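Chemist: Got a structure here, written out as structure tokens. Questions coming.
The values are calculated or read from the model by the stated rules, or taken from the named source; none is laboratory data. The model shown is predicted, which means the values in this text are computed figures rather than measured ones. Cβ: placed from backbone, ideal geometry, glycine included. Neighbour counts: every protein chain shown.
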Amino acid sequence: MRGKSIAAGLILLLAWASAAAQESLTDGQMLGVVFVANQAEIAAGNLALGKTRSASLQVFAKRLVSEHGQVNQEIVALTQRLGAQPQRSATSDALTKQSADELASLDETSSHDFDEAYLDREVVFLQKLVNTVDGYIRTTSSADVRLLLIRSRPSFIFHLDQAHRLQLSIGSPGLKR
């Protein structure tokens, strides 16, 4: 089960990376991708809140839902201030499809296997999000967009680190789940 989960995540990650590499995005489209990624994290976190029995994962998922929601609020405020909206692109469309497929797969996962599958997904997804944000920081033409991405990046890295740490602890004897 874990191998299939990782393989599926890597295939979808490559599709997201491929779409991003082939497309030169505007600042509005970059914000659109980050907005969709945050929506995906919120949806996955909410699913985890309903499926996991792990106290550690509950805390992690609540934090993801809250912090990714805050970033999306900042994106909406910024785009309103600039008189724009986060814009769709091939990258955001691919990410929307990837997220829907991942959530459907996670939702079908047994409660026994859910924690590992969820964390596997988080590690892959968050690593790609950090890499994507790094690329957008380098290529955006807007100082406002760059600042928002720079301010958001540390929480994405923290989430990735927490997901790695939880991966190590889930299933370890003697650790409180």
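Chemist: Inside the stretch 81-114, can you point out the residues that are in contact (Cβ under 8 Å) with a residue 60 or more places away in the chain, small (Gly, Ala, Ser) and under 11 Å from LYS51 (Cβ atoms)?
Modeler: Result: SER111, single match.
Chemist: If you don't mind, another one. (1) among the charged types (D, E, K, R); (2) more than 17 Å from ALA37 (Cβ to Cβ); (3) touching a helix residue (DSSP H, G or I) at 6+ places or on another chain (Cβ under 8 Å); (4) at pLDDT 95 or above: which one isn't true of GLU122, the others all being true?
Modeler: (2)
Chemist: Being within 19 Å of SER54 (Cβ to Cβ), surrounded by 15 or more Cβ atoms within 10 Å (Cβ to Cβ) and out of contact with any Ser or Thr (no Cβ under 7 Å at 6 or more places or on another chain): is that true of VAL123 here?
Modeler: yes
Chemist: Could I ask something else about it? With ILE157, ILE170, ILE75 as the choices, which residue is touching a Pro at 6+ places or on another chain (Cβ under 7 Å) and not hydroxyl-bearing (Ser, Thr, Tyr)?
Modeler: On inspection, the qualifying residue turns out to be ILE75.
Chemist: Just for the stretch 92-119: of the residues that are within 17 Å of GLN29 (Cα to Cα) and either within 12 Å of the chain's Cα centre (by Cα) or not acidic (Asp, Glu) (or both), which one is surrounded by the fewest Cβ atoms within 10 Å (Cβ to Cβ)?
Modeler: Going through the qualifying residues, I end up with LYS97.
Chemist: Which of the residues spanning the stretch 75-91 are closer than 17 Å to LEU129 by Cα and crowded, with 16+ Cβ neighbours inside 10 Å?
Modeler: ILE75, PRO86, SER89, THR91
Chemist: Please give the number of the condition SER54 fails out of (1) modelled with pLDDT of 95 or more; (2) within 14 Å of ALA163 (Cβ to Cβ); (3) over 13 Å from the mean Cα position of the chain (by Cα).
Modeler: (1)
Chemist: Filter the stretch 85-118 down to residues that are within 23 Å of GLU74 (Cβ to Cβ), among the acidic types (Asp, Glu) and at pLDDT below 95, then give me how many there are.
Modeler: 0
Chemist: Also: Looking at the stretch 64-94 only, could you name the residues that are within 19 Å of LEU119 (Cα to Cα) and out of contact with any Ser or Thr (no Cβ under 9 Å at 6 or more places or on another chain)?
Modeler: LEU64, VAL65, SER66
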